1. Provide a single number: the residues in the range 304-354 that are open to solvent by 20 Å² or more (accessible area, probe 1.4 Å) and either on the phi > 0 side of the Ramachandran plot or not in a helix (DSSP H, G or I) (or both).
2. Residue check, Ala66 against (1) surrounded by 20 or more Cβ atoms within 10 Å (Cβ to Cβ); (2) farther than 23 Å from Asp328 by Cβ; (3) not polar (S, T, N, Q), all met but one. Which one?
3. Against the definition (open to solvent by 40 Å² or more (accessible area, probe 1.4 Å) and more than 20 Å from Ala253 (Cβ to Cβ)), how does Ile50 come out, yes or no?
4. Consider Glu29 carefully, then state whether it is buried (at least 17 other Cβ atoms within 10 Å of the Cβ), charged (D, E, K, R), out of contact with any Pro (no Cβ under 9 Å at 6 or more places or on another chain) and more than 22 Å from Glu266 (Cα to Cα).
5. Condition test on Gly189, is it under 22 Å from Leu282 (Cβ atoms) and either of a type outside the set (Gly, Ala, Ser) or modelled with pLDDT of 95 or more (or both)?
6. Here is a check on your reading of the model: is Leu295 open to solvent by 20 Å² or more (accessible area, probe 1.4 Å), within 24 Å of Leu246 (Cα to Cα) and touching a Cys at 6+ places or on another chain (Cβ under 6 Å)?
7. Restricting attention to the range 398-418, and to residues there that are at pLDDT below 85 and part of a helix (DSSP H, G or I), which single residue is most open to solvent (accessible area, probe 1.4 Å)?
8. Just wondering, is there one or more residues in the range 102-114 that are over 22 Å from Cys184 (Cα atoms) and either of a type in the set (Phe, Trp, Tyr) or crowded, with 24+ Cβ neighbours inside 10 Å (or both)?
Amino acid sequence: MSTQLEMAKAGIVTPEMRIVAMEEGLSPESVCCLVAEGKAVIPKNVNHDIKHVKAIGKGLSTKVNANLGTSDECSNLELEGKKLQAAVAAGTDSIMDLSTGGDLDAIRSFFLERSPVMVGTVPIYSLATQMLRVGKPLKQLDADDLFSSIEKQCSQGIDYMTVHCGITRQSVAFLESSERIMPCVSRGGSIILHWMRERNEENPLYEYFDDLLAIAKRFDVTLSLGDGFRPGSIADAIDAPQISELMILADLARKARNFGVQVMIEGPGHVPIEHIKSHVELEKRLSDETPFYVLGPLPTDIAAGYDHITGAVGGAIAAAAGADFLCDVTPAEHLGLPDDTDVYLGVIASRIAAHIGDLAKGVNGAREKDKRMSIARARLDWKAVIEEALDPELVRVKSHLAEDREACTMCGKLCAVKLSRQVWESN
């Protein structure tokens, strides 16, 4: 069976490409061309029926992911169900199952069965969790077991997966000579790093990348090349380990495309605001415009409890500069496992950032959304304001005192809209 990329290269417009074209307001042929060039991906496993098929990439609306999943200290399937509902209600385009607690296979199946949007995972989490449960040290992680775990998750229907292939002997050497405050804040990246240091061996995901491609191709799973050395502090940003890894990932992305596998590259966490745009542009230039998936980015380290706002600030700048996929950052970031309210706020904040980026990029239909809201406000049409809002339910609650009157409760008789309207109507 051919992948979306292979069919696009052959000039075949798939049903998924037609769905994307309709949603994005583009021609099916233009979507096909973007996929063929590797500038867009359509993450959809051949074994997974998705209600809402989405594409990620150049010229398309910026997409948003919500991180869900359990931990070894908090594993509650009912809570995960609430978090999934919250993410979908907030308008997420994707979810990732990052579980490390409870019955991991059951939790993964739970998300695949109930999610109307694409589902991603980080396969090494599952294997590392299982090893620790039986008292097996991480250094005994077996490459064959890792690839078996990847194949199992692909067969279950996972649409895309994060694989930390860019942590290599070369990039580790840069890390060892760096003066980072926090050497490695990526959970998956730290597992790979620990394994390599303990065994003095090359990263199996890099060394046997062809085997990984063969598995991904069989199920048309999109590979999301993880940034294991992403900075966890703005003081550590844009350094040798990060850039070295990015260059490795760019080469691997080209190799994946040549093999017929769809691929994205993941981007940094903490980045000073003045460097966000240049870093996005660097990724695009190095990787031939491979879709860029970013966490945040977070342009300050001190906003604990409000990092959904920090992430939205960084995400808007990144999206405007060309980032294609934003991973939500919740108020619980750096503090603990998020609940359903945290997830909802994180997705809404990221959707605001994504739309701001779309306005700057001139994405088809973005400005029309704002124009419709402006017209509704000019008419003091509260029903239309609610309908056009990103979070209609919140607006409905906040505007309840104004529903039976023309002006809102902020200005009352001194409503600027009404006063200016009277001026124009009198002339």
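The values are calculated or read from the model by the stated rules, or taken from the named source; none is laboratory data. Quick caveat, the model's predicted, so the values are computed rather than measured. Note that we place each Cβ from the backbone using ideal geometry, even for glycine, and neighbour counts take in every protein chain shown. Ligands, DNA and RNA are stripped out before the accessible areas are found, and what is left, the full protein with its side chains, is counted by its heavy atoms. Shrake-Rupley method; radii C 1.70, N 1.55, O 1.52, S 1.80 Å.
1. 10
2. All conditions pass for Ala66, except number (2).
3. no
4. No.
5. Against the criterion (under 22 Å from Leu282 (Cβ atoms) and either of a type outside the set (Gly, Ala, Ser) or modelled with pLDDT of 95 or more (or both)), Gly189 qualifies.
6. Here the answer is yes, as Leu295 does meet what is asked.
7. Top of the filtered list is Lys413.
8. Step one: list which residues in the range 102-114 are over 22 Å from Cys184 (Cα atoms), which gives 102-114.
From what is left, the residues that are either of a type in the set (Phe, Trp, Tyr) or crowded, with 24+ Cβ neighbours inside 10 Å (or both) are 110-111.
Yes.
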